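The values are calculated or read from the model by the stated rules, or taken from the named source; none is laboratory data. Values in this document were obtained by computation on a predicted structure and should not be read as measured data. Quick reminder, even Gly has a Cβ in these numbers, built from the backbone with ideal geometry, and neighbours come from all protein chains shown. Surface areas here come from the heavy atoms of the whole protein model, side chains and all, with no ligands, DNA or RNA. Shrake-Rupley method; radii C 1.70, N 1.55, O 1.52, S 1.80 Å.
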Amino acid sequence: MSENTIEEIGTAYMAGMNEQVSLHFETIIELRLTMAESIARIAAGDGDSGYGAEEEIEYGARARHFLCAALYSPDGRIEMIYGDPVKLNHPEAFLESLRSGERKAASAVSSGGDGVILFGVPCEYPMSDGSGSLAIVVGLSTKYMGEVLFLDSDESLSYSFVIRKDGSYVVGNEGGGHQNYFDRLTDIFDGQDVETDTCIEQLKAAMDADRDYSTIVKNGGSRRHIYCTSLPYCDWYLVTVLPFEGLDSAIAGMGDRWLAMVYAASFAVIAMLLYIFFQCLKLFKNQVSELRRMNTETDSARRAAEQARKEAEQANAAKQEFLSSMSHDIRTPMNAIIGMTSLALDNTNNPEQVQNYLSKIALSSKHLLGLINDVLDISKIESGKMTLNVEPVSLRETMDSLVNIMQPQVAAKNQQFNAVVREIISENVYCDGVRLNQVLINLLGNAVKFTPEKGSVQITVYQEALPEDAARVRTHFLVSDTGIGMSKEYQKVIFESFSREDNTRVRKTEGSGLGMAITKCIVDTMDGTISVRSEQGQGSEFHVVLDLKRAAAPAVSKAAGGTERAGDVVLKGKRVLLAEDNELNWEVARELLSILELELDWAENGEICVEKFKKSPTGYYDTIIMDVRMPVMDGYEATAAIRGLERADADIPIIAMTADAFSEDIQRCLECGMNDHLAKPIDIQTVACKLKKYLN
């Protein structure tokens, strides 16, 4: 049973780990290809003055920390601009992709024998023989790629490799004893030729079919899980291995300790019984009173054990409720994000359609970020208390978000989905937007789940005035479907935790039975009501009623476009000192903030930030953007040090930009002397708004 449990946990862990590394790989490759395109634009020149000089290309590549740069001819010849000469390992696929106008990553070997990852983008530039180049390529070391992909992280239970279809390594075998991963598999099977051939054939077949491959390899008493998946922008595959030895050892140790406790408890009970027996022999006359005393103690112990069992069950139920809620709420918008991203990639030639998909992704991302910020508030989980974050909410935006999130699920089941809005008195109201979305998504998700294909699901929103309170408006949300419905008996317990109707149709549908209990808790906290009307075979209708305070319509910004609004002239040329210890985060921030036309200066930690500010002339910097968690000196200490300087500009605006986004984190930033707080991930419009506030 322990082995099976470990294998199930390992399978789930491996799928999540490979997905995380794959997404991280895609982000890094996309970023580096974008940098390569910027170098290609330098090479192409501005159109009037001709091509850029090779010195400019070299400077652009070195500034972006590339090891080498070269021109790539249409016949596959590499002409180096700077760096050690390189030779492609498998040039055919790389050349074919570049001829098709695609961006591509490939592996190569430098003249010194070191592995190099090349990034190629189409670019025409004169070569030494007078012909025009097909592309420009830049390179990074495979060791660096392994580090940024965390393939050799000591904190992970698993380790990973990047290989080609023939089993040769691309990344992750530095210092290894094998040049081919299939040879490594042969050693793992310890000469078992049949098992080796079967595993390698299955792995190759999965690569050819472009599908994920998962298997558990056993050699003697050891086991390990192998998981393989393809990677984007290249012809490579990510192989992740999870050894089970550590988990098996931990489980065995727990079993031994449990047996020792059982034996100790057994001996203690036997000793106690023997003591009681001899006492009874000696004190025969007091037998009745002694037995009564023992019964009392036994009852007390039983009640204590029963109480402990109930507390353990309650704690387990609370944990299950949290895990189910987190999975249900996060996966729904994540499904929309992944689906819309895939559609956007398939429609790159249609800017309007891509813009539509990106706006939907932005809505789902904001909802997902709100959920993550909430579920990570550990104090709420431990105390079991729920608090509301009341703020102005647009019902129009709420409905748009719901439609975008639910549309992929409805389309997958070929269902009809209608959203009806009528009799709206106040479109903008005060409430907890994240919790409201959570309630409606729970109801809509169940409606879609329990409605067969070609059925219909509808959400209706309408309002009515409250004569007794003109500042509030009664808002009704109705979620109806033509699904399987519920029995009268089940409707009485539907809002209890883990409740599910016991019939064949429901048992075939996945779910933990926590969704309605969570929904009822949220509605009660919002001082609202929820009711259900249903009939088996005729569908269901849930009715949520909330009395919400009216809110004023938000002010409309004069600047309509994203780039123009961010690049307001009030920010152009302003000098900003950015303290950020993570180089990748610095690059992302630099690229995003570049559209604001700011002059950025990077400090790798708080101490360097303070030193740069000290050495700068008075008034040189207009503001400081400060990360909080940094080595040597964190953001709080650096802010205190700057505020303590005897300079006329020691009161310079300091804005925190950190992933610590809870209310207590914001309060601590303000208490240490910072002026404001920005939460990661970076939103360029929010950054621009904050900077304008303090630089005007």
Please give me the summed charge of the neighbours of ARG575: other residues whose Cβ is under 9 Å from its Cβ, Lys and Arg +1, Asp and Glu -1. -2
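Take each of the peptides 268-281, 83-96, 66-79, average the number of other beta-carbon atoms within 10 Å over its residues, and list them starting from the highest.
66-79, 83-96, 268-281
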For region 63-153, build the convex hull from the C-alpha positions and give me its volume per residue in Å³. 101
Assuming 0.36 nm per residue, please report the length gained on full extension of the stretch ILE270 to ASP187 beyond their Cα-Cα distance. 24.6 nm
Can you give me the accessible area per residue for region 575-656, using a 1.4 Å probe, in Å²? 44
Whole-number accessible area per residue in Å² for region 442-487, which is evaluated in the context of all protein chains at 1.4 Å: 38
Express the accessible area of region 193-312 per residue in Å², computed with a 1.4 Å probe while the remaining protein chains stay in the model. 67
